[in-house]
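Below is one structure, written out as structure tokens, with a few remarks after it.
Values in this text are rule-based calculations from the coordinates and carry no lab data. This structure is a prediction, so every number in the text was calculated from the model and none was measured. Please note: Cβ atoms are built from the backbone with ideal geometry, for glycine as well, and neighbour counts cover all protein chains shown.
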Amino acid sequence: MLKHQLKLRNPLAFFDLETTGVNMTKDRIVEIAIAKALPDGEVIVQTKRINPQMPIPLEASLIHGIYDQDVADAPTFKQIAKELAKFLEGADLAGFNIIRFDVPMLVEEFLRAGVEFDVSQRKLIDAQRIFHLMEPRNLAAAYKFYCNKELKNAHSAEADALASLEVLDAQIQRYEGMVAKSEEFKEPIVIRNDMQVLHEITTNKVVDLAGRMVFNDKNEEVFNFGKHKGKLVKDVLNKEEPSYYEWMMKGDFALDTKRKLTEIKLRNSKLNQ
């Protein structure tokens, strides 16, 4: 039986969600796993598959391994909402990177099910936040981790450039042949000592360097900010709001962003002639 050494006054429910996607208003939960740590040291684990009542996109299934047939006979969230809320009653919530996605997604599902689930009176604990606070993700930390060396003269351009070279060299030696998985990728990418592969990992979805525009799943440019976020750039510029182009060109945007925006506008203008 799993035990813990946390000093608890209330149960602490560590949970993780697998979903159809990352849009909290449109996507749904397909699996929830909860490890409820009790004040006496005991841990109770409960995992449930959930029918999202919508098709699971292939790109999501490739990440978590859950396909439509796996949840076809599973209960809907609404059917288990009251039971789930009872299991979590009086418990604080914890997990890894739960604040930005898992907690709001869970609350959204409870609201849709019409079941009260108030998190305002619960403690929320994110292990990722502690990880990032205690294990800095900067060049000096990477140099120590991959090369087992202390970075002297940090923030000296030459020292940082040389350390970056050593870090990348060590990363390739450590990870070559291993699979890199991320929701950003259409499919898992194998790490290779190939600069084209590393380029694709680094700049997978970015259209302009500032990230104001990104590629969607169909490799089409979409806006990544503001009122048109998620919309095709060509549709906004040519149909919905042609004046948006002038607004961006006159606005406080990077020159690279304006250049890429102009390229898209000109390219689609030619296609429509």
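Worth a mention:
- Put a plus charge on the Cβ of each Lys and Arg, a minus charge on the Cβ of each Asp and Glu, and nothing anywhere else: the dipole of the chain about its Cα centre is then about 540 debye.
- Farthest positive-ward along segment 68-149 dipole, Cα basis, beta-carbon charges - from ALA142, PHE77, PRO104: ALA142
- Amide H contacts for ASN97 (H built 1.01 Å from N in the peptide plane; partners 5 or more residues away or on another chain; cut-off under 5 Å): ALA127, GLN128, ARG129.
- In a DSSP loop and with at most 14 other Cβ atoms within 10 Å, the trypsin sites (Lys or Arg not before Pro) in segment 1-34 are LYS7, ARG9, LYS26.
- This model, with +1 at the C-beta of Lys and Arg and -1 at the C-beta of Asp and Glu, gives segment 139-197 a dipole about its Cα centre of some 180 debye.
- Once the Cβ-Cβ distance of HIS199 and ALA127 is raised to the sixth power relative to R0 = 35 Å, the FRET efficiency obtained is 0.65.
- 5 angstrom amide H check on VAL206, placed H, neighbours 5+ away: PHE215
- Of all aspartates and glutamates in the structure, those lying under 12 Å Cα to Cα from LYS86, and not within fewer than 8 positions of it along the same chain, are GLU116.
- The slack in the chain from VAL45 to ALA254, taken as 0.36 nm per residue of separation less the alpha-carbon distance, amounts to 70.3 nm.
- Taking the Cα centre of segment 94-181 as origin and assigning +1 to Lys and Arg Cβ atoms and -1 to Asp and Glu Cβ atoms, the resulting dipole is close to 160 debye.
- Farthest toward the positive end of the dipole of segment 12-130, out of THR20, GLY114, ALA60, is the Cα of GLY114, where the dipole comes from beta carbon charges about the Cα centre.
- Where a label projected 7 Å from the Cα of LEU38 along Cα→Cβ would reach, residues of segment 1-19 with amide N under 18 Å: 1-15
- Segment 1-34-segment 150-179 distance, computed between alpha-carbon centres (Å): 35
- Dipole of segment 213-271 computed with +1 at Lys/Arg Cβ and -1 at Asp/Glu Cβ about the Cα centre; of ALA254, LEU232, LEU266, farthest Cα towards the positive end is LEU266.
- Formal net charge of residues neighbouring LYS152 (Cβ-Cβ distance under 15 Å; K, R +1; D, E -1): -2
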